[in-house]
Amino acid sequence: MDMKFNTVDVERMLLDMGQGRKYSARAMQLMLMVLLKEGSTHGYQLIRRFAQLSQNSYVPSAGAVYPALAYCATQGWVLIEEEGRRKMYSLTKEGQAYLQEQKEKCDYLMQSLTYRGRKLVWIRQMLAEHNSDEDLKAAQEQTGWLPEFVQVRHSLKQAMFEQSTASLARQAEVVAILEKAIAEIRNLPKESEKCSPNN
């Protein structure tokens, strides 16, 4: 049986294939340039922006950020200017054009970064001994996720676990159900398509 992945899915897997929870070098380059669209800044401020967007669930090391910025500079995508002992990084017109070419990839990457943070907020809620209505409302406002949205995701993972020892015939039934649901979800109209860290 052939595993079928479309080219976008393959690109996403490759972009994410770093070590553990890290991003690949290519992904880091794109994400840094997306953040530089907000304006010129220093490297440590970019690191802080990663932390902010991910609710501190992903804070890249200087060893990942600065080589990526240096590479982007060699490609003409980023301008590096000396400010005393520090360096100021800016996105060039060439960098803006390249980001536009890579729009789908950078949209996915920035969404994945904020997704990490949203998951962390709800994990903390799940681990809390007591969850008041106010706590759930605060988590919803912070993440933009309904509690039911979080619960159904958890329930799906649990349901898949329960079927992990099922017969091949039963697995085929599960696949058919999920493929239908996935198709319906993916056919929903897209609400926004912006290459922005603020999605």
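Values in this text are rule-based calculations from the coordinates and carry no lab data. Fair warning: this is a prediction, and the values are worked out from it, not measured in the lab. When we count neighbours, we look across all protein chains shown, and the Cβ atoms used for this are built from the backbone with ideal geometry, even at glycine.
Things worth noting here:
- Among K190, K37, the ranking by other beta carbons within 10 Å of each residue's beta carbon, starting with the fewest, stands as K190, K37.
- In this structure, the pairs whose alpha-carbon distance is over 19 Å, taken from K37/K190; K37/K87; K119/K180; K105/K190; K22/K105, are K37/K190; K119/K180.
- Dividing the Cα radius of gyration of the stretch 72-138 by 2.2 N^0.38 Å, with N the residue count, gives 1.80.
- For peptides 172-178, 76-82, sequence by mean Cβ density within 10 Å, most packed first: 76-82, 172-178
- Equivalent ellipsoid, the stretch 7-186 (semi-axes from 5 times Cα gyration tensor eigenvalues, Å): 37, 22, 14
- Gyration tensor (Cα) of the stretch 55-95, equivalent ellipsoid semi-axes in angstrom: 20, 14, 10
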